[in-house]
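Quick notes on the structure that follows.
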Amino acid sequence: MEEDQQYLLTVAKGIVNHPDDVKVERRVDEKGVLLTLHVNPADMGYVVGRRGKTAEALRTLLRIVGAKHNARVSIQIHDPNHQGDRSDRMPMGDVDTSAVENLNI
């Protein structure tokens, strides 16, 4: 296992409640190294953090690890509940607005 992959695995296992479910896939292409982090769906909030702060911190740390080896390292957090663009999930025509129609604003 490569150093960047092992580093992300160790850090992620330290912040989740289900460390045995943490997996990191590593893929290298012309853009650099892409690490895909898989965690238990119940731990997504811990990995992403409030307003994405934890995920951004992980990205920053991995950039530093990559810089040590002259490689561009990116992280992707796999969300099994995500089904494409959010706008595709609920078209605006299907939104129930009856609760706010008579507010006279």
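Read the figures in this text as sums done on the coordinates, not as results from a lab. Keep in mind that this is a model prediction, so the values were computed, not measured. So basically every Cβ, Gly included, is an ideal-geometry build from the backbone, and we count neighbours across all protein chains shown.
How much length, in nm to one decimal, is gained on full extension between GLU3 and HIS38, taken as 0.36 nm per residue of separation minus their Cα-Cα distance?
Full-extension gain reported as 10.8 nm.
Between ILE75 and LEU35, the built amide H atoms are under 5 Å apart, and every one of these is 5 or more places off in sequence or on another chain.
From the square roots a ≥ b ≥ c of the eigenvalues of the alpha-carbon gyration tensor of the stretch 15-57, which class results: rounded (a/c under 1.5), prolate (a/b over b/c), or oblate? Oblate, because a/c is 1.5 or more while a/b does not exceed b/c. Within the stretch 3-80, all pairs of alpha-carbon atoms sorted by distance into 10 Å bins from zero give the percentages 20, 56, 23, 2.
Mind sorting MET1, MET44 by how few other Cβ atoms lie within 10 Å of their own Cβ, fewest first? Please list the in-between numbers first.
Values: MET1 9, MET44 17.
Taking fewest neighbouring Cβ atoms as first place, the list is MET1, MET44.
Using θ = phi - 60° in the Karplus curve 6.51 cos²θ - 1.76 cosθ + 1.60, the 3J(HN,Hα) couplings for the stretch 47-57 round to 6, 7, x, 5, 6, x, 5, 5, 4, 5, 5 Hz; x is entered for Gly and Pro.
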